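Nothing in this text is a laboratory measurement; each read-out follows from the coordinates by a stated rule. This one's a predicted model, so the numbers in the text were calculated from it and none came from an experiment. For neighbour counting, all protein chains shown are included, and Cβ atoms are generated from backbone atoms with ideal geometry for every residue, glycine included.
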C-alpha cells in the first residue's frame, strides 16, 4: 500500500509545498525578535532566577530599561557560534513574558549568554558581551539583583 499526501525531502524540508529550513535566517534572529517584542509591548514581565539557589526576582521598569539598553548596544561582532568553553549551566536565567510569546536569556557569566524563545525552531543566539558597557552587562544586573552568597 502506498500513501501519499505530503512531500518530504531531507536537508531542506518540504511538507505540503511549504518549505521549512533548518538554518536560522541570521545569527541574531531571536535577539532581534526579543527586541521587537520589547519595543512593541513595553509592559512585559521579566523575572530572574539564580540557578544555584533558585532565588527569584521580578525586574522593575528601570531594570527592564537596562535590558533594553543592552540589546540596543549590541553589535554584529557580539554574536558568535556556540563557544566551546561555555559552562554547562547558566548562573542566571531571565524569563521575558509577553502577551503572545515568552523568551529566555541564559546568563552564563560576565562574558557569555544565550537568547531563545520558549518554543523555538532554531538553535539559540549566542553572545559574547565583551565590549558592552559594564552598566549594560546582564551578568552584572543579575548579580546586583540576586547577589551570590
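Applying 1/(1 + (r/R0)^6) with R0 = 35 Å to the Cβ-Cβ distance of residue 130 and residue 99 gives a FRET efficiency near 0.55. Residue separation of residue 47 and residue 148 scaled by 0.36 nm, minus their Cα-Cα distance, works out to 34.7 nm of gained length.
Compactness of the range 106-149, taken as the C-alpha radius of gyration over 2.2 N^0.38 Å, stands at 1.28. Over all pairs of different C-alpha atoms, the range 59-114 has a mean inverse distance whose reciprocal, the Kirkwood radius, equals 12.8 Å. Multiplying the residue separation of residue 110 and residue 55 by 0.36 nm and subtracting their alpha-carbon distance yields 17.9 nm. Contact order, relative form, for the range 24-145: 28 percent (alpha carbon pairs under 8 Å, 6 or more residues apart, mean separation divided by residue count).
Averaged across orientations, what area in nm² does the convex hull of the alpha carbons in the range 24-145 project?
Seen from a random direction, the Cα hull of the range 24-145 projects 7.1 nm² on average.
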